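The values are calculated or read from the model by the stated rules, or taken from the named source; none is laboratory data. These figures come from a predicted structure and were not determined experimentally. Here the Cβ is made from the backbone with ideal geometry for all residues, glycine too, and neighbour counts use every protein chain on show.
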Amino acid sequence: MTTTTTTPALTITPSRVLRSEWHKLRTLRSTWITVLTSAALLLGVGILMGATYTSDGGDSDVDTVVLTLYGSQLGGIALAVLGILVTAGEYATGMIRASLTAVPRRLPVLWAKAAVYTATVLTVSLLTALLTFVTAQAFLSDTDQAASLTDDGVLAAVAGNAAGVTLLGLIALGLGAALRSVPGAIGAFVGGVLIVPEILGMLPYEAMDTVVRYFPTQAAGALGSATPLPGAASPGAALLALLLWAAAALAIPALLLNRRDV
Amino acid sequence: MIRAENLTKRYGDTTVVQDLSFSVRPGSVTGFLGPNGAGKSTTLRMILGLDAPTRGRATVDGHPYAAHRAPLTHVGALLEARSVHPGRSARHHLMALAHTHGIPRARVERVLALAGLTHVAHKRVKGFSLGMGQRLGIAAALLGDPATVVLDEPVNGLDPEGVLWIRTLLRNLAAEGRTVLVSSHLMSEMALTADHLIVIGKGRLLADTTVDELVRTSGGASVRVVTPEADRLRTLLPGARITAEAPDTLLVTGLEAPEIGRAAAAHAVPLHELTPQAASLEQAFMDLTRDAVEYQGASA
Ligand SMILES: Nc1ncnc2c1ncn2[C@@H]1O[C@H](COP(=O)(O)OP(=O)(O)OP(=O)(O)O)[C@@H](O)[C@H]1O
Ligand SMILES: [Mg+2]
């Protein structure tokens, strides 16, 4: 055991923790399953939307990016599950004890998880969204939903869709880290992020509508539309709101991480 | 070198570890013993910075575990609870841990070989037996070539060959000058492996001693005396602790066999049997922890 021929400095560095988290992410089947599921849902629903669309079907006023990337709502759930598995999954399996023994200052692990997840999910979502838009448009060329990536606001909306999905997933990752339970975090995400704002939005209060448009799902919707949606936040405000939600969702487990026993 | 100073851990109202101070020195195997629920695992988790002490502190090589810039090179640990993602292969699990410190791939292969896991390293941990899981935990503990090794019940689930492997491994690690702390609730196992013993019960320190010393001082060594005049013999042995096993059989503690024999001869008490009973380590351990057993089985 004295035969280690090691590089001079064996120490923890932020880039090494990143590398470790990247290694962890790519060596689990659940990562591939959730990522491929989300891509398949986005592409599949996009093709379905394009292939079945008719100009006189009553959907002419639907934004073309919203229409073609409709599958991102379902695909986003798969990616949110991935976010939860990245954090809460380690508590469920006990892996967190190994992770935090290796990096006992703890916070770098959370930041690295968030960073690796964001980079991966944003890249995959963006590429899939571009592919889906272009593919769906191949079916839509003769309809009133014909559009190209170079049209006003289209590329920004496609990118916005991917950013929205990624930030929603980051919120899920934060919930997983705070609640330390996979089912608990999935419940909190579906209930608190997806359903509750819908219910609040249906209440007959003017002020409630204004508030709800800055909630995560609603903000993500505004980000992914090439034309302004009625009663939605502006893309800039929506992006800011989502970033703040994601920051808050990470700040809470970050504050708890060094206070709680593992 | 591990040092615990007044370590105390409370969960709610229950104090699980109380005012525990000890140090573990390099170059020998130190057994960490106590009955179930004594607080061994909790103490080890505090040493590793996983649980925060309610009071007191634990240091490794002079610093709290979390203060080390390369903790895996100071302390390698096998925890009681599984600490592996079952969906990852053994090699990827070790590689992920190695990356945090920049530990090279060759070292991962080395500890895999050392633990006898090379041929299953590509398999997901999900399919591992209890013993293979323990071996993976030990491979992870040795990953950083640490100066201190902390193992919580390492022989759990191992077959006789595995137990022997652990025993040899621990002896070798200590011989290389490392600090080795091993918990167990089996005194017999520790008797074969450990040089030094730290015994706790109900979270308190009961003994910090060597194996030999423990047997000697436990007061467990006694003499069995069979005599038809048991009652008369009792009166001839002042200062000894005497219990009656049967009407004609006494167990005498605190006096050696020759002294008892002499006293009996002097007063013409016939002896049918006079047998020194060597206290086993197991007995010494039971004596020590009798009052501190958390979950005592009712005896029939
Ligand atoms: N997180 C916790 N919350 C509440 N109680 C706990 C917690 N962890 C441990 N305990 C309690 O603390 C006591 C000591 O537990 P610990 O696991 O440290 O004992 P041990 O000496 O390792 O026992 P064993 O030989 O069975 O492994 C037990 O009564 C246990 O129930
Ligand atoms: Mg234990």
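A compact table of results
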quantity: Strands (runs of 3 or more DSSP E) wholly inside segment B:1-89 that include at least 1 residues being within 16 Å of ligand 2 (Cβ to nearest atom) and closer than 22 Å to B:Gly137 by Cβ; calculated: B:29-33, B:75-78
quantity: Residue match in segment A:139-155 (condition: assigned to a helix (DSSP H, G or I) and of a type in the set (S, T, N, Q)); calculated: no
quantity: Filter result for B:Ala4 (more than 30 Å from A:Trp22 (Cβ to Cβ), within 16 Å of ligand 1 (Cβ to nearest atom), touching a residue at least 12 places away in the same chain (Cβ under 8 Å) and surrounded by 17 or more Cβ atoms within 10 Å (Cβ to Cβ)); calculated: yes
quantity: Meets criteria (touching a Phe, Trp or Tyr at 6+ places or on another chain (Cβ under 9 Å), surrounded by fewer than 19 Cβ atoms within 10 Å (Cβ to Cβ) and within 11 Å of chain A (Cβ to nearest Cβ)) for B:Pro71; calculated: no
quantity: Which listed residue is among the hydrophobic types (A, V, I, L, M, F, W, C), in contact with a Leu (Cβ under 9 Å, 6 or more places away or on another chain), within 14 Å of chain A (Cβ to nearest Cβ) and under 24 Å from B:Met286 (Cβ atoms), from B:Leu169, B:Leu143, B:Leu151, B:Leu186; calculated: B:Leu151
quantity: Checking B:Ala113 against (1) within 13 Å of chain A (Cβ to nearest Cβ); (2) buried (at least 19 other Cβ atoms within 10 Å of the Cβ), the condition it does not meet; calculated: (2)
quantity: Residue match in segment B:78-87 (condition: surrounded by fewer than 24 Cβ atoms within 10 Å (Cβ to Cβ), at pLDDT 95 or above and more than 8 Å from chain A (Cβ to nearest Cβ)); calculated: no
quantity: Restricting segment B:88-106 to residues that are small (Gly, Ala, Ser) and closer than 19 Å to A:Ser30 by Cα, the residue that is nearest to the other protein chains (Cβ to nearest Cβ); calculated: B:Ala96
quantity: Entirely in segment B:147-264, the helices (runs of 4 or more DSSP H) that have 1 or more residues that are within 16 Å of ligand 2 (Cβ to nearest atom); calculated: B:187-193
quantity: Test for B:Val29: is it away from ligand 1 (no atom under 13 Å from the Cβ), among the hydrophobic types (A, V, I, L, M, F, W, C) and touching a Lys or Arg at 6+ places or on another chain (Cβ under 7 Å); calculated: yes
quantity: Residue ranges of helices (runs of 4 or more DSSP H) in segment A:28-101 with at least 1 members within 14 Å of chain B (Cβ to nearest Cβ) and free of Cβ contacts under 8 Å to residues at least 60 places away in the same chain; calculated: A:29-52, A:72-93
quantity: Output for segment A:9-27, where each listed residue is under 17 Å from A:Ile96 (Cβ atoms) and within 7 Å of chain B (Cβ to nearest Cβ); calculated: A:Ile12, A:Val17, A:Ser20, A:His23, A:Lys24, A:Thr27
quantity: Failed criterion for B:Val16 (all others in (1) touching a Lys or Arg at 6+ places or on another chain (Cβ under 8 Å); (2) crowded, with 22+ Cβ neighbours inside 10 Å; (3) within 13 Å of another protein chain (Cβ to nearest Cβ) hold); calculated: (2)
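Conditions tested, residue by residue: (1) over 20 Å from B:Val182 (Cα atoms); (2) modelled with pLDDT of 95 or more.
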position	(1), (2)
B:Met1	no, no
B:Tyr11	yes, no
B:Phe22	no, yes
B:Pro26	no, yes
B:Gly37	no, no
B:Thr43	no, yes
B:Ile47	no, yes
B:Arg55	yes, yes
